[in-house]
Each structure stands twice: as structure tokens, then as C-alpha cells.
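Below you'll find the structure, written out as C-alpha cells, and then a few comments.
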Amino acid sequence: MRASHVTLYRYSIPFTEPVTVKGVRLLQREGIIIGLTSRESSRVAYGEIAPLPGLHRELFQSAEAQLIEVLAKHNFAASGIMQEQLYPSVRTGLEMAMINLETADKGGRSAFSPLSGSAKQVPLNALLFGDTAKIIERAELLFNVGYRTFKLKITAGKTDDALRSLEALHRTFGRQIELRLDANQSLMMDEALDFARSAPAGSIEYIEEPLQDAELIGEFHAKTGLYSALDETLWQKPEMLSHIPVAALKALILKPNRLGGISVALHFARYAQENRLKAVFSSAFESGVSLSFYTMLAASLSTEPAACGLDTFRYLEYDLLESPFGTENGVLDAEALYLGGQKVNEHLLKRTSLWTL
Ligand SMILES: O=C(O)CCC(=O)C1=CC=C[C@@H](O)[C@@H]1C(=O)O
Ligand SMILES: [Mg+2]
């Protein structure tokens with residue numbers, strides 16, 4: 001690897017409102033930024049390591065300890081440690097920084113090798129929360145500026161709330177929008193069937209992880225015609241992918257820092273492409289350093305990338321980038337964001353160590 005030294009930083013960014021992930025209530029997002037300084041060009045390439053409490057098994061402290069162990073190895077990139085069992089968040093940040101370093105050394109041209117064609121823009125799916133009135137108000141606002149894909153949560157015991165919002169959205173926008181739901185593995189088959197049978201026909205693009213038992217997704221599709229998407233299952237039981245009938249699926253949700261790294265996410269993206277499924281890049285509430293990288297990944301892999309799940313940037317009080325990650329019109333400009341993703345405002349970081357390679 002062509003880095004002369006590595007700088008590690010910590011950050012802590014307040015959430016705009018408390019975010020609850022699998023029962024864990026979070027007030028701020030904490031993570032590590034790794035900066036690799038190029039031996040050739042002295043440019044700095046960044047990567048982000050940010051396990052999310054509730055979602056990741058590794059905690060911030062253990063991720064940081066493992067990262068330090070990796071950096072302490074002589075010539076770590078060639079030492080084989082990258083092939084070993086690294087925490088998903090650690091591997092993601094190291095791979096991100098190394099790919100960004102390669103890009104920097106190529107004068108800013110992306111180092112990704114596209115699977116097929118690539119796109120300039122990636123649409124974004126907007127997250128909708130709250131009661132039906134708030135959801136419609138927000139969806140109208142976003143629709144008017146250009147958003148066309150929306151995502152709603154659906155929770156066991158409260159499927160009526162989702163149904164009301166779904167009906168209202170369908171009444172208001174009809175087929176002008178695509179609507180995704182996310183049940184986070186909360187429903188039993190009976191409740192999922194009741195919900196599916198009450199939903200307006202043609203109103204749902206897919207449901208992420210509808211069932212407590214993903215093995216029943218084929219049966220759910222056979223009984224309702226509704227498509228599912230896999231998110232949690234991809235990291236909890238990746239072997240399930242070959243058991244669930246692909247015809248019951250519409251998309252794979254790819255959160256690189258939970259799945260196990262950029263290379264693992266690319267593996268699933270390739271599987272999606274081969275099986276005519278959407279590859280939906282999504283985030284674990286990381287900063288713009290990761291979000292801009294994921295945007296470039298999504299844009300590199302398809303001429304028509306699926307609307308991505310990177311709307312999480314709204315939940316961070318501020319971004320670490322000089323030009324904050326985002327979009328005005330629901331469409332992400334991949335190249336501009338990728339370049340901007342490497343202009344980190346170091347005043348917002350706390351430097352913790354420096355490693356000479
Ligand atoms: O995928 C998206 O549209 C945004 C990200 C998102 O929904 C999530 C991120 C992290 C944790 C989860 O609760 C949630 C999800 O379940 O997909
Ligand atoms: Mg999900």
C-alpha cells in the first residue's frame with residue numbers, strides 16, 4: 001500500500017432526534033475516521049469505522065482496539081490480516097480508505113471497476129416517520145422537490161398505523177411513487193398475511209424483512225404476491241439466500257459496514273445483478289465519508305441504480321465534510337459527492353494517534 005502514514009480520529013455527532021436501533025436508544029453517533037497519507041501525492045484518503053450500537057456486535061472500543069492491532073502489524077495491507085476475521089465495521093473502513101487512496105493516486109478518478117455500465121446519479125429513498133398526517137405532509141414536500149421513492153416502518157402489533165399511512169400515500173400519489181416497507185423481522189406469518197391482504201393492490205414495491213422467520217418468505221409471496229427484500233438475514237444467516245426462492249424477492253439491502261466490508265457488499269451486489277434483484281445500498285447512520293462512498297459504489301454498478309437507503313444523513317446534526325452530504329431534489333450526484341466525500345473538515349474530529357508505516 002502506498003501510504004506513508006495513518007492518522008486516526010474520533011468523532012461524535014449528536015442525532016437531530018433520538019434514534020432507536022433494535023431497542024437501543026441513541027443520542028449521538030460515534031465513529032472513527034482513518035486517514036491514509038499517500039506516499040506519492042501526499043493526499044489524504046479517508047475511511048470510516050462506525051459500529052452502530054444495536055446493529056453491530058462489536059462496540060466502538062473493541063473496533064478501535066482491533067484497528068490498532070491491525071495498524072501495529074508491519075505492512076498491514078500485505079500481511080494477510082485483511083483476509084482474517086476482522087469486525088465488519090473495521091474491514092469496511094480499511095477497505096474504504098485503501099480504495100480512496102488508490103483513487104487519490106490516480107488523480108481523483110474512481111478506482112472502482114464497474115460490473116457493467118455506470119450512472120451519474122443515484123435516486124434516494126426518503127424515510128417517513130410519525131403519524132399519517134405528518135407522513136403525508138412530509139411526503140408531499142419531498143415529492144414536490146423530486147423524491148419518488150419512500151420508505152415506511154411497520155411494526156408488529158401496530159400494522160394498522162402502517163396501513164393507514166400506506167392507504168393515504170397511495171390515495172395521494174398513486175403509482176407516481178414507489179413505496180417500500182421495513183418490518184425489521186417483526187411479524188408472525190398471520191399478522192403479515194392480514195396486513196398484506198388489507199393493503200391497497202399494487203401499493204407496495206417490497207417489504208424489507210417482513211417475517212420473524214425469513215424461511216417463510218417464499219410462502220408469504222405465494223399467498224400474497226408481495227415481494228420481500230433481505231437486510232438483516234444477509235448478515236445473520238447469509239446461507240438463507242440460497243434457500244429463499246429468488247422469485248419471492250425484489251431487492252437485497254446492502255449495508256457494507258454491517259455486512260462485512262466493501263468486498264462483501266460487492267459480492268452481494270453481483271448476486272443481485274445475476275438474479276435480477278435490486279441492489280439497494282443503505283447505511284448504518286454513518287457520516288458523509290461513508291455515504292458518498294456508497295453513492296459512488298451504487299453508481300458504479302449499474303446504469304440505473306435502485307433508489308438507495310442513504311437518507312440517514314438527515315439524522316446527523318452536522319456532517320464531517322466541508323460540503324455536507326445530501327441532495328435538494330432526491331437525486332444524488334455520484335461524482336460530485338464522491339469528490340466531496342474526501343474533503344473532511346478535520347476541525348470536527350479529535351485526533352487520537354499517528355502511525356508511520
Ligand atoms: O435503508 C434505508 O432506507 C435507511 C437506513 C435504515 O432504514 C436503517 C438503518 C440502520 C438500522 C435500521 O433500523 C434501518 C433498517 O432496518 O434498514
Ligand atoms: Mg432494513
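Please tell me if T303 is part of a helix (DSSP H, G or I), β-branched (V, I, T) and either over 19 Å from P238 (Cβ atoms) or away from ligand 2 (no atom under 16 Å from the Cβ) (or both). Considered against the rule, which asks whether it is part of a helix (DSSP H, G or I), β-branched (V, I, T) and either over 19 Å from P238 (Cβ atoms) or away from ligand 2 (no atom under 16 Å from the Cβ) (or both), T303 comes out as no.
Set side by side, the residues V289, V344 differ, and just one is under 14 Å from E48 (Cα atoms), more than 16 Å from ligand 2 (Cβ to nearest atom) and under 14 Å from the mean Cα position of the chain (by Cα), which is V289.
Tallying residues that are more than 19 Å from A50 (Cα to Cα) and in a helix (DSSP H, G or I) within the range 311-329 yields 0.
Considering each residue of the range 263-278 in turn, at least one proves to be within 16 Å of ligand 2 (Cβ to nearest atom), among the small types (G, A, S) and either more than 20 Å from F220 (Cβ to Cβ) or part of a helix (DSSP H, G or I) (or both). For the range 223-231, does any single residue satisfy the condition of being in contact with a Ser or Thr (Cβ under 7 Å, 6 or more places away or on another chain), among the polar types (S, T, N, Q), within 16 Å of ligand 1 (Cβ to nearest atom) and farther than 27 Å from L141 by Cα? No - not one qualifying residue is present in the range 223-231.
Could you check the range 51-99 and list, in sequence order, the residues that are of a type in the set (S, T, N, Q) and within 17 Å of Y9 (Cα to Cα)? If the condition is that a residue be of a type in the set (S, T, N, Q) and within 17 Å of Y9 (Cα to Cα), then Q61, S62, Q66, S89, T92 are the ones that fit. For the structure I just gave you, tell me whether V24 is at pLDDT 90 or above and under 27 Å from A183 (Cα atoms). So V24 passes the test. Only one of the numbered conditions (1) at pLDDT 95 or above; (2) crowded, with 22+ Cβ neighbours inside 10 Å is violated by L301, and that is (1). When each of L337, L252, L297, L332 is tested for being touching a residue at least 12 places away in the same chain (Cβ under 8 Å), in a strand (DSSP E or B), away from ligand 2 (no atom under 16 Å from the Cβ) and under 20 Å from P123 (Cα atoms), the lone residue that passes is L332. In the range 155-247, counting only helices (runs of 4 or more DSSP H) that sit wholly within it, the ones holding 2 or more residues that are among the aliphatic types (A, V, I, L, M) and more than 26 Å from the chain's Cα centre (by Cα) span 189-198.
From the list A50, A77, A65, the one residue that fits, being under 30 Å from A272 (Cβ atoms) and more than 16 Å from ligand 1 (Cβ to nearest atom), is A77.
Total residues in the range 124-139 satisfying the condition of being under 16 Å from I177 (Cβ atoms) and either in contact with a His (Cβ under 9 Å, 6 or more places away or on another chain) or not polar (S, T, N, Q) (or both): the figure is 9.
The values are calculated or read from the model by the stated rules, or taken from the named source; none is laboratory data. Remember, it's a predicted structure, so these values are computed and weren't measured experimentally. Quick reminder, even Gly has a Cβ in these numbers, built from the backbone with ideal geometry, and neighbours come from all protein chains shown.
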